[in-house]
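Just so you know, all these numbers are worked out from the coordinates, no wet-lab data involved. Predicted model, so just to flag it, every value in this text is computed and none were measured. Note that we place each Cβ from the backbone using ideal geometry, even for glycine, and neighbour counts take in every protein chain shown.
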Amino acid sequence: MPAPLRAPARGLRLVIADDHLVVRAGVRMVLAAEPAHQVVAESYDVGSTLLALREHAPDVLVLDLTMGGESSLPSIPQLREASPRTAVLVLTMQEDPAFAREALRSGASGYLLKEAAADELLTAVAQVGAGGTYIQPVLGARLAVLDGDEQGLTTREREVLKMVADGLTNSQIAEALFLSLRTVEADRSAIRAKTGATSRADLITVARRVAAGEADVRVVAPRAAQVPVADPAADEPGADEPAADEPAADEPAADEE
């Protein structure tokens, strides 16, 4: 008896937002495995993503969590406002469950790591496109544990936090801890996501609470950043441009916020 045919997937219109051309091409290739889907636009930062959402109002936005050296996490509410019918599926390398939690709280419908198999990406797209929620299973248990620990700061994040509060730049922190600049930037983003800090003053407050052993070191939850719409005629930034939040060599971390 022949195997039953799989019902064709409902066609979805998608926008892919990632600052790396090769990643966008790879995602597009995976999505092409489902002929019913249509990629209507690609974008490389929050501004160009806002333009794409307003122009196309797609069913699903596949969103990288870090574009152009900046976190797109605070902009998820603004992206949702630009196209309320669009479900946001975060596709990222950030495996810290704090990011998943904050993305979902901000309005995302799904969270998937870039290491996921192609079939899982298709499953996640179909799930959020149908109005559901998708979280990569490997993050499920870790997310549940994190919900019992609102801060969840790692030992290294605590070290980075103290150095930021002491006025060190990202470059100085990277040198002191023998880390890459990108790793320090990721740690700072994780600290913000876990504590709600939006400025260096907030980080100093958090650092003092951590040092005092307080049970709850959080400040107020961060508000969505209002990102100006990018000029559609502007050239896409190159991969070798400096990160937007990287300070000058002699610039204190206070100016990074």
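Note on THR155 and SER199: with the Förster distance fixed at 35 Å, the Cβ-Cβ geometry gives a FRET efficiency of about 0.90. In order along region 122-129, the phi-based Karplus estimate (6.51 cos²θ - 1.76 cosθ + 1.60, θ = phi - 60°) of 3J(HN,Hα) comes to 4, 5, 5, 4, 5, 5, 6, x Hz; Gly and Pro are listed as x.
Under the classification rounded if a/c is under 1.5, otherwise prolate if a/b is larger than b/c and oblate if not, where does region 91-133 fall, given a ≥ b ≥ c as square roots of the Cα gyration tensor eigenvalues? Here region 91-133 falls in the oblate category. Distances between placed amide hydrogens fall under 5 Å for GLN38 paired with LEU12, ARG13, LEU14, all partners being 5 or more residues away or on another chain.
Averaging Cα coordinates gives a centre for region 186-203 and one for region 37-79; these two points are 23 Å apart. Near the amide H of TYR134, within less than 5 Å, lie the amide hydrogens of GLY110, TYR111, all on another chain or at least 5 residues away, with H placed in the peptide plane.
For region 20-105, what log10 I(q)/I(0) values come out of the Debye formula at q = 0.12, 0.15, 0.19 1/Å, with one point per alpha carbon and no solvent? Log10 of I(q)/I(0), two decimals: -0.34, -0.54, -0.89.
Working ranking of peptides 109-116, 60-67 by packing, defined as the average number of other Cβ atoms within 10 Å per residue, highest first, is 60-67, 109-116.
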